[in-house]
Amino acid sequence: MSEHFRVQGGGRLVGEVAVVGAKNSVLKLMAAALLAEGTTTITNCPEILDVPLMADVLRSLGCEVVLDGSVVTITTPKELNHRADSEAMGKLRASVCVLGPLVGRCKRAVVALPGGDAIGNRPLDMHQNGLRKLGAHSEIEHGCVIAEAEGLHGAQIWLDFPSVGATENILMAAVLANGTTVIDNAAREPEIVDICVMLQQMGAKIEGAGTSTLTVHGVESLQPTEHRVIGDRIVGATWAFAAAMTRGDITVRGVDPHHLDLVLEKLRMAGAEVSVLEDGFRVVQNDRPRSVDFVTLPYPGFATDLQPFAIALSSVSDGTSMITENLFEARFRFIEEMVRLGADARTDGHHAVVRGVDRLSSAPVWASDIRAGAGLVLAGLCADGATEVYEIFHIERGYPGFVENLRKLGATVERVSA
Ligand code: UD1
């Protein structure tokens, strides 16, 4: 039975929401558990569909995985299966993160090409080139990335671009390599720091977490650990945009506000009053938002995952905004759905120009990925009438308790079964 959301436009969102662990961290931390024989415990995990899918991937490799609410326990055997080609692999992007740990531990990995959001071309050349520098032979054959090595050795690696996934895979292979690896132009996302912290607790020797140069001194073996996932900055930012768009007043807890410094500054420019709290922030918007330009870049730049919210906000702001997408070109497909809702927006290559309108108008719309889906719900909250948002399984991959949280903040949202 398919379900969709019916979102009633018009009201302000007011209240407090608690954000749990980051989707883009927990899945990688689960992959990192492959690096140590024994039982690793991960807490503050979001209860989203990608977590049981990742658990299935790890089970197919020989791990025992127990999911108990926000706690995931992974028991990794001495001998791992090196073939990760189960059905679950094709359903999420982060599954590719088992590549580095498998090469590190087994010296062999056959990993089915990952699935995940359809947000544009997502090649693996930097992952493979990094592993080749560490001494592995790597090819893509029959829909799988294959990497094999006699033994991995430290190397100097320069990434063409600070790719999150390539940094994670190379890092997780390098921690067990013989000698020192330097990854230059590494990604600096808070989720990378989170993995580094967990790997350090496991006994890895890593310097430079959170900078663009990661130095890894390989060790013989790692030990299992217990680790708490960092709060989901993308979910936290979603609520910040919801406050700005609905002229609301939302307090978000469970996120490090400094992970969102630039986002909160952009919302201040749009006219919001922002207070930074110890474990979150509060965004109050009293008047119509003012138009602001956004440019997506790797962290600490404005996250590409927040681009749909930038477009949704701009579509109801006073003035014209330019949004530039530098990472995933297909994300602008979101604009086609926004146009159904009456947005005045058009694209030219990497740029979108959005002229704010007084009010959006309700329409049936289709979510194409997690963030686009959440962006359509926020837009629906600013439209006249009831907006039907279809393909909501995308949204539920990234937002635990989304409808419940919206209702708590005063929104009228229904889950409709068809
Ligand atoms: C991760 C996030 C995703 C986020 C993205 C950028 C997960 C599961 N997903 O995706 O939500 O939008 O970071 O913050 O954590 N590239 C190459 N070759 C490669 C690897 C990447 O050309 O080998 C390119 C990509 O096409 C893209 C850019 O590098 O244009 C950034 O991609 P990357 O940082 O690797 O994103 P993901 O790790 O896939």
Original post:
Roughly what % of DSSP beta bridges within region 24-228 run antiparallel, to the nearest 5?
Top reply: 75 percent
Subject >> Candidates 295, 216, 354, ranked by Gaussian network fluctuation over the chain, Cα under 10 Å, top entry >> reply: 295
**OP:** Nearest 5 is fine: what % of DSSP beta bridges in the chain come out antiparallel, could you say?
**Re:** 70 percent
**OP:** Could you please state how large a percent of the accessible area of the chain is carbon and sulfur, counting protein chains only and using a 1.4 Å probe?
**Re:** 48 percent
**OP:** For residue 290 and residue 16, calculate 0.36 nm times their separation in residues minus their Cα-Cα distance, and state this gained length in nm to one decimal.
**Re:** 96.2 nm
**OP:** Evaluate the relative contact order of the chain (contact order divided by residue number), counting alpha-carbon pairs under 8 angstrom at least 6 apart; express in whole percent.
**Re:** 20 percent
Original post:
Per residue, how many Å² of accessible area does the chain show with a 1.4 Å probe?
Top reply: 37 Å²
Original post:
How do 23-32, 269-278 rank on mean C-beta neighbours within 10 Å, highest first?
Top reply: 23-32, 269-278
Subject >> Computed over region 352-418: relative contact order in percent, which uses C-alpha pairs under 8 Å that are six or more apart >> reply: 30 percent
**OP:** Quick one: give the max-minus-min coordinate of the C-alpha atoms of region 368-418 along each principal axis, largest first, in Å.
**Re:** 25, 22, 20
**OP:** At q = 0.08, 0.17 Å⁻¹, what is the base-10 log of I(q)/I(0) for region 24-228 according to the Debye formula with one equal point scatterer per Cα and no solvent? Please give it to two decimals.
**Re:** -0.22, -1.11
Subject >> Whole-angstrom gap from region 261-284 to region 121-149, using each part's C-alpha centre >> reply: 41 Å
Original post:
In whole Å, what is the distance between the alpha-carbon centres of region 15-44 and region 365-418?
Top reply: 25 Å
**OP:** For residue 28, list the lysines whose Cα falls under 27 Å from its own Cα; do not include residues on the same chain fewer than 8 positions away.
**Re:** 78, 91, 107, 133, 205
**OP:** Apply the Debye scattering formula to the chain, with a single equal point scatterer on each alpha-carbon and no solvent, then give log10 I(q)/I(0) at q = 0.07, 0.09, 0.14 Å⁻¹.
**Re:** -0.33, -0.54, -1.21
**OP:** Express in nm, to one decimal, how much length is gained between residue 256 and residue 158 on full extension, taking 0.36 nm for each residue of separation and deducting their alpha carbon distance.
**Re:** 32.3 nm
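The values are calculated or read from the model by the stated rules, or taken from the named source; none is laboratory data. Keep in mind it's a predicted model, so treat the numbers as computed, not measured. Cβ sites come from the backbone with ideal geometry, for glycine too, and all protein chains shown count toward neighbours. With ligands, DNA and RNA removed, areas are computed over all heavy atoms of the protein, side chains included. Shrake-Rupley method; radii C 1.70, N 1.55, O 1.52, S 1.80 Å.
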